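This report concerns only the one structure given below.
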Amino acid sequence: MRVTGTQYSDNFFFSKMFHQNNNSSRKKQRMLLFLVTIGAVALLVVDELSFTNLSRRLNQRDNASDILQEDETNVLGSVDNILRSLTKNDLRSLSINLGNGDCEWTSPTFDVPENITFTKTLIAGYPSGDKRLAFVQMEALTGLSARDEWDFAFLGATNQPFIKANYPHHEGIWGWGDRADQVVMIVRNIRRSLVEYHDILWDIDYAQTFDEAYERLDNLYTERPPLDDFLAWRDDRALDEIHWYGWFIDFYMEGGLFRDMFTHKITTPEHFYMLMQPHRYRKAEMTYDLIVGNQTVTPAYDPHCVNEVSGGCVPIQIISAERLVEVETGPAEGRKIAQVLEGRTGIKDFLIEEEAWECIWTELIVNKKGLKTFIDREGLEERNYNFSEEMLVDMIEELNRLIAKYSAPIWPDISNILVELLTEYLGLIEQELLEVQLGERKLSEHDFLGPTTRNAMRIEKERKLNVPGSEEE
C-alpha cells in the first residue's frame, strides 16, 4: 500500500524482510543443501580445482548456510568441518596475488573461521548502493566475507569481520551487538543517494516478506526502475530524507550524540528513538517542540556507541562512493580501504600484499568482478530524474549547514575529507539548480517536484484549461 503526505509505509525491504517467518522456504533450503553438498564433494575429489572454486560453489547463493535452521545443520556437517579446519595460513596460501602488481579476483568465503579474533569494521552509510562498493573491496582484499546488520539480528551471530549498516536510519537496526571495533563511513552525493535508495527498494518490488525479497535479490542493481515508479515515491519521502542524510552524518561524526533531524538540536533518547520509527509515528507526532519542548536537555549518546564499539562510533576513515568508481581517483580510494585493514588483529594475516591492492580495485570496478553494485545498472541515467528548485534548495541548505559545521577547527582531521566531499556535491547541485532556473532542465508534472512546486504546476495547468483557445483546452 502506498501512503501519502508524512505517513510512511511499513513496507521497507531493509526493515521488514527478516521480520517474517521463513517456513515456506524450508523445502527450497533443503534442496539447496543437497545441491551444495553434492557440489562440495565433487569439487573436493578433483585435484585440479582449488579451495577457491569450492568456496565459489558453496556461495552461489549469498549466506546460504546462515539461513539454515538448527535441525538442518548436520546436512552440511562434513563440508563445514572441511572449511573450518582450514587455518588462516591455508586460506591465504591460495593467494590471488600474482606478483608484479597482477592479481586474480576470487570470491570470499562465507564460512569465516570462528576461532580467530578479528578487528571488525562497521561500514556505515545512508541507505543506497555505496556500502556494497566498500565491502566488496574488503572482501576481495582479504578473502573474508561481509554481513548485513539484519543478518546478525535475525539469522544469528557469526565471525564476519565486515558489517554493513544503515543504523540509525529507519532502514537499519543495531543487530551485531558488540562485535564492531572501528567505523568507516561511506559518503555519497545527497542527490544520488536519494535516487539509488529508491532504486534498491524498486529492485525488490517493495517486498514485504523474506520469501518475496529473497526471490528478487537477483534483480538488485540490474536496471534502473521505470521513471513513473520513482516519481510516485519521491514526493512522499524526499524532503524528509534530505534531513535524514545530514542527521546520519551528524550521528557518526559526533560519536552517537542524540539530535533532532529537523531542528538539529540535542535531544532526548525518547525523542531520538521516535525519529527512528517514521513508520510508527507521523512527522507531526514527533516534533521537537511537542516531545521535548522547553525542558533542559543533557547531551546523551547512543549506548551502542559508548559500550559496544571498542573504538567508538566516530569514523576512522571516510570513503567517497563517487571517487571509488572513477578511474582517476578509484585506486587511491581503494587504497584507503586497504589501509583501514592493514595491521588489524586477525585481518592482517588475510590481507593481500600491498603490491596487489590496485589490481584488486581494477578487478572489481573496471573488470566488474564479484557482486553487482549500482555501477552495473542499465537504462535510465540519473539525469533523467529531475529535481525541482524546491528540492534542490533544500539539499543546498543541508549541505551548507554540514560544511559550515565541520569546517570548524574543533573536529578531528577526518572532517577535512567530509567537507571536501560535501563541497564537491554542493557545486554539482548548485549547477543543477542553475540549469533548472535557466530552463535548461525542463520540469514536468512527472518530475521530482515537491509539494509547493507540484501545487503551483497544478494551478497553472487548471488556469490554462480554462483559457479559451489555449493549447491544452
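The values are calculated or read from the model by the stated rules, or taken from the named source; none is laboratory data. Remember, it's a predicted structure, so these values are computed and weren't measured experimentally. Cβ coordinates were reconstructed from backbone atoms using ideal geometry, including for glycine residues, and neighbour counts include every protein chain displayed. In case anyone asks, the SASA skips ligands and DNA or RNA and just uses the protein heavy atoms, side chains included. Shrake-Rupley method; radii C 1.70, N 1.55, O 1.52, S 1.80 Å.
The single condition among (1) closer than 22 Å to residue 107 by Cβ; (2) modelled with pLDDT of 95 or more that residue 179 does not meet is (1). Filtering the stretch 340-350 to residues that are farther than 15 Å from residue 112 by Cβ and in a helix (DSSP H, G or I) leaves 340, 348.
Residue count for the stretch 167-184 under the criterion of being closer than 22 Å to residue 338 by Cα and touching a Phe, Trp or Tyr at 6+ places or on another chain (Cβ under 8 Å): the result is 2.
One residue is enough: does the stretch 123-135 have a residue meeting the conditions of a type in the set (A, V, I, L, M) and open to solvent by 10 Å² or more (accessible area, probe 1.4 Å)? No - not one qualifying residue is present in the stretch 123-135.
Inspect all residues belonging to the stretch 265-274 and state whether any of them is assigned to a loop (DSSP other than H, G, I, E, B), in contact (Cβ under 8 Å) with a residue 24 or more places away in the chain, in contact with a His (Cβ under 6 Å, 6 or more places away or on another chain) and of a type in the set (Val, Ile, Thr). Checked the stretch 265-274: no residue is assigned to a loop (DSSP other than H, G, I, E, B), in contact (Cβ under 8 Å) with a residue 24 or more places away in the chain, in contact with a His (Cβ under 6 Å, 6 or more places away or on another chain) and of a type in the set (Val, Ile, Thr).
If I filter the stretch 350-369 for residues that are surrounded by fewer than 18 Cβ atoms within 10 Å (Cβ to Cβ), β-branched (Val, Ile, Thr), at pLDDT below 90 and closer than 18 Å to residue 329 by Cα, do I get at least one hit? No, that holds for no residue. Taken over the stretch 136-161, the criterion of being touching a Lys or Arg at 6+ places or on another chain (Cβ under 6 Å) and polar (S, T, N, Q) is satisfied by 160 alone. Restricting attention to the stretch 143-172, and to residues there that are touching an Asp or Glu at 6+ places or on another chain (Cβ under 6 Å) and among the polar types (S, T, N, Q), which single residue is least open to solvent (accessible area, probe 1.4 Å)? Result: 145. Checking the structure you have, find out if any residue of the stretch 318-341 is within 18 Å of residue 176 (Cβ to Cβ), under 25 Å from the mean Cα position of the chain (by Cα) and acidic (Asp, Glu). No, the stretch 318-341 contains no residue that is within 18 Å of residue 176 (Cβ to Cβ), under 25 Å from the mean Cα position of the chain (by Cα) and acidic (Asp, Glu). Scanning the stretch 275-287 for residues that are assigned to a helix (DSSP H, G or I) and not charged (D, E, K, R), we see that the one that is nearest to the chain's Cα centre (by Cα) is 275. If the condition is being open to solvent by less than 60 Å² (accessible area, probe 1.4 Å) and not in a helix (DSSP H, G or I), then the stretch 433-452 contributes 439, 441, 443, 444, 447, 448, 449, 450.
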